[in-house]
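See below for the structure under consideration.
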Amino acid sequence: MLQQMLKASRQAQKTLALSPANKRNQILETMASLLAERREMILAANRKDIERAIDLSPALMKRLELTEAQLMRLIDGIHVVIRQPDPLGQGEGQRRLPNGLTIEAVHVPLGVIGLIFESRPGVAIEATALIIKSGNAVILRGGHEAMESIRVIVDCWQDAVTLSGFDKELVQAILDPDRQYVTDLMHLNGLDLLIPRGGPGLIQKVVKEATVPVIETGVGNCHVYVDNMADVGMAVDIVTNAKVSNPGVCNAAETVLVHRDIAPKFLPALEQHLSSYGVTLHADPLSRHYLSLAVPATEEDFATEYLSLDLAVKIVENIDEAIEHIARYGTKHSEAIVTNDYTRGEYFLNAVDAAVVYWNASTRFTDGYEFGMGGEVGISTQKLHARGPMGLLALTTWKWIAKGHGQIR
């Protein structure tokens, strides 16, 4: 079945890749209109998924839910993608070689992209918009818990594609809940790229077992380091936002590292603020001297992506110890420093190895929509090909164009 899907995707993608930007944008414009028109149908399908998902954790349940506000934001994201410059054909300029040959590297589509994701049905909207705009086709495999939502969303995409004059096979989905299809997709010979979006179990399974090209995304054991030169009020606000605004996502903070000199003032203020949100602090022995409600932290706490209202706390001697801790336990996703010292801020930005590094801002901004991309296919935590929120350019590769007038070597 998957080989047939891949063959159909490949044929449809060839036509899309040669189409002008306005034709690809027409698909997105039509999709945005269909989402608005079928809003109630989509939300009803999502409610059905939620009613059936009785065994999900609170974090996954939150990811599964698609609210009207979220749907409207996704529609707005499509319009942002429409306004983005066309990545295809863009290059670094021609160069003329001494023999008269002109060469240029230009962006071209990757081809057919597989996307495996858990729970979050909005992925089928935002990621597909970027995939289509960049001239690619997609085969979606969502979690079984979101199948009704995905079915309706894919119907919208296929209608948008055909109404715009292209083959509906540009957007296909594996709707059979059999997990064997996930394994088969990981070994689908000829698939140009496979992107997993979900929890650590899914991502590591795909990274370790897939025989097709993979971009590793998502696992976020993110830190906020509060320097002794930080503004306490600002630090409390940043840590609170990074932890509480949406604890079940990969850009949420999981550990706060605190310089020992600011700990007596900062930690009681943080605890008082976070306690009103029901956050449990898992603190090292030094930190517990300044905290009345914290539970003891274990080694495992510092390595855990909680995705819940839990936060690990550790006091460090200086910025270098904070950076060493991040290097040991972090997942190279998003890291932040809060300080009013210019030298330390710049040092942290340069020394920390992560996809996104912040100075006096919340880690929650690591998001394709927030970065002005309209959405993201995923947040890459690897270094090859793409890193950070993956927008249009991350879904392209290079083709070298050489023009001559009879040159031979």
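Readers should treat all values here as calculations from the given coordinates under stated rules, not as data from a laboratory. Model, not experiment: these values are computed from the prediction. Cβ sites come from the backbone with ideal geometry, for glycine too, and all protein chains shown count toward neighbours.
If you wrap a convex hull around the Cα atoms of the range 96-247, how much volume per residue is inside, in Å³?
On the way: hull volume 34.1 nm³, N = 152.
Per residue, the Cα convex hull of the range 96-247 comes to 224 Å³.
Using amide H atoms built 1.01 Å from N in the peptide plane, name the residues 5+ places from residue 358, or on other chains, whose amide H lies under 5 Å from its own.
Distant-sequence amide H within range of residue 358: 335, 336, 337.
With n ≥ 4 as the cut-off for DSSP H runs, can you work out [θ] at 222 nm for the chain, using -39500 (n - 2.57) per run divided by the number of residues, rounded to the nearest 500? Could the numbers behind the result be given before it?
Values: 15 runs with 170 residues, N = 409.
Value at 222 nm, helices only, nearest 500: -12500 deg cm²/dmol.
Largest first and in whole Å, what are the equivalent-ellipsoid semi-axes of the range 222-365 based on the Cα gyration tensor, each being the root of 5 times an eigenvalue? Let's see the in-between values first.
Values: eigenvalues 76, 56, 41 Å².
Value: 19, 17, 14 Å, ordered largest first.
Where a Cα-Cα gap under 17 Å defines reach, which lysines qualify for residue 168, not counting those fewer than 8 residues away within the same chain?
Straight-distance partners of residue 168: 7, 14, 23, 133.
Calculated from the structure, volume of the Cα convex hull per residue in Å³ equals which of [x] 144; [y] 165; [z] 206?
Looking at volume of the Cα convex hull per residue in Å³ for this model, the match is [y].
Taking the range 1-89 as the region of interest, what is the percent of Cα-Cα pairs per 5 angstrom bin, listed from the shortest bin to the one with the maximum distance?
With 5 Å bins starting at 0, P(r) equals 3, 11, 16, 14, 14, 17, 16, 7, 3, 0.
For the range 75-180, I need the span (max minus min coordinate) of the C-alpha atoms along each principal axis, in Å, sorted largest to smallest.
Principal-axis extents of the range 75-180 (Cα, largest first): 60, 32, 24 Å.
Applying the Karplus parametrisation 6.51 cos²θ - 1.76 cosθ + 1.60 with θ = phi - 60° to the phi angles of the range 74-89, what ³J(HN,Hα) value in whole Hz is obtained for each residue in order, glycine and proline being reported as x?
5, 5, 4, x, 4, 5, 5, 4, 4, 7, 5, x, 5, x, 6, x
Could you list which residues have their amide H under 5 Å from that of residue 222, counting only those 5 or more apart in sequence or on another chain, with H placed in the peptide plane?
It is 254, 255, by chain and number.
If we sort 395-404, 221-230, 327-336 on the protection proxy, mean other Cβ atoms within 10 Å, highest first, what's the order?
On the way: 395-404: 14.3, 221-230: 24.6, 327-336: 22.3.
Output ranking for 395-404, 221-230, 327-336: 221-230, 327-336, 395-404.
Sum up the charges of everything whose Cβ sits under 11 Å from the Cβ of residue 359, counting Lys and Arg as +1 and Asp and Glu as -1, but leave residue 359 out. Show your work: numbers first, answer last.
Numbers: positive: 344; negative: 227, 335, 341, 346.
Neighbour charge sum, excluding residue 359 itself: -3.
Assuming a viscosity of 0.890 mPa s and a temperature of 25 °C, what translational diffusion coefficient in µm² per second does Stokes-Einstein assign to the range 165-293, Rh being the Kirkwood radius over Cα pairs? Mind showing how you got there, number by number?
Working: Rh = 18.1 Å.
For these conditions, the coefficient is 136 µm²/s.
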